[in-house]
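Working notes, beginning with the structure itself.
Nothing in this text is a laboratory measurement; each read-out follows from the coordinates by a stated rule. Only a predicted model underlies this, so the values are computations on that prediction, with no experimental measurement involved. We place every Cβ from the backbone using ideal geometry, glycine too, and count neighbours over all the protein chains shown.
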Amino acid sequence: MRGFHIESHERAVTHAWAFPRIVRLFRMRFDSRVRIDSLQTEIETTDGRRVAVKLVVNPRARRVSVRIDPTRREAIATAPTKRHLKHAAQFAAERAGWIAHELSRLPQGVLLAPGAMTPLRGVTHKLVHEHGRAIPRIEVGDPPLLIAPAPDIALFESRLLRYFKDQAKADLTERVALHARTLGVKPARVQVKELRSRWGSCSVDGVLSFSWRLILAPPYVLDYLAAHEVSHLKEMNHSRRFWVCVARCMPEFERGREFLHEHGCALHAIGLAR
Ligand SMILES: [Zn+2]
């Protein structure tokens, strides 16, 4: 299923693989060090640390590139064909220092456990476990409490995740309906799930998918994503016409976009810590 999604906040570097001088440089400096082991390789930084890099073939890629997946906390090197995988590994090897630096500055993971502090609609809440089966509730206070009943502490995380997904779906369904009316379009369905490094996507058959983590961000961020994906029902690209649609739905959409650029990494670290 091919769709469009917003640019994630991942930092990436790309390079035209055919650029001969760089390729020669790889051969001289890195051939002996790079070991391609099916789809995983290891590279070494100048100070001797070893960094795992996942190798991926993507026929749509026009060049080799390396990027950081903040949710999985790994580096991914992409090549347009299997034949170019070695170039991708070499390209990553040359950037071992950059990869190690980017991985080290990823925010600490926040486990969804009792006592943890987690944002909900942009407001920090303290997570509290209570024995029982009722639906989670919020108690005002400083900080406000998000109380998630679960018969067993082992079920606490899944209860909370269910709650975040339900809340995200309710908010997104409402915002999507509003923006769809503005643009005169009809989405087939709204779904909320674990979307690794993306925030949302729109499939060719009109299904809008969103990351549950949007419920953690201030409401204008979720609203921006709703406007963004609904606009793809009009324009399946990121052309100027597309951004005109987004602005029609939400004149101040830039705010939401900037928030994700700035804090996206921190949001991705919530509910991970593995
Ligand atoms: Zn998009």
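Name the residues in region 80-118 that are closer than 30 Å to Ala150 by Cα and surrounded by 16 or more Cβ atoms within 10 Å (Cβ to Cβ), would you?
Across region 80-118, the qualifying residues are Val110, Leu111, Leu112, Pro114, Ala116, Thr118.
Does region 66-88 hold any residues that are within 23 Å of the chain's Cα centre (by Cα) and hydrophobic (A, V, I, L, M, F, W, C), and which are they?
Passing the criteria: Val66, Ile68, Ala75, Ile76, Ala77, Ala79, Ala88.
Determine, yes or no, whether Leu161 is more than 16 Å from the ligand (Cβ to nearest atom) and either of a type in the set (A, V, I, L, M) or buried (at least 19 other Cβ atoms within 10 Å of the Cβ) (or both).
In short, yes.
Within 14 Å of the ligand (Cβ to nearest atom), under 27 Å from Arg162 (Cβ atoms), in contact (Cβ under 8 Å) with a residue 40 or more places away in the chain and crowded, with 17+ Cβ neighbours inside 10 Å - does that describe any residue in region 233-246?
no
Cβ-Cβ under 6 Å, sequence separation 6+ or interchain: first residue in region 196-207 and farther than 19 Å from Arg67 by Cα, partner away from the ligand (no atom under 14 Å from the Cβ) and in a strand (DSSP E or B). Which pairs?
Val207/Arg189
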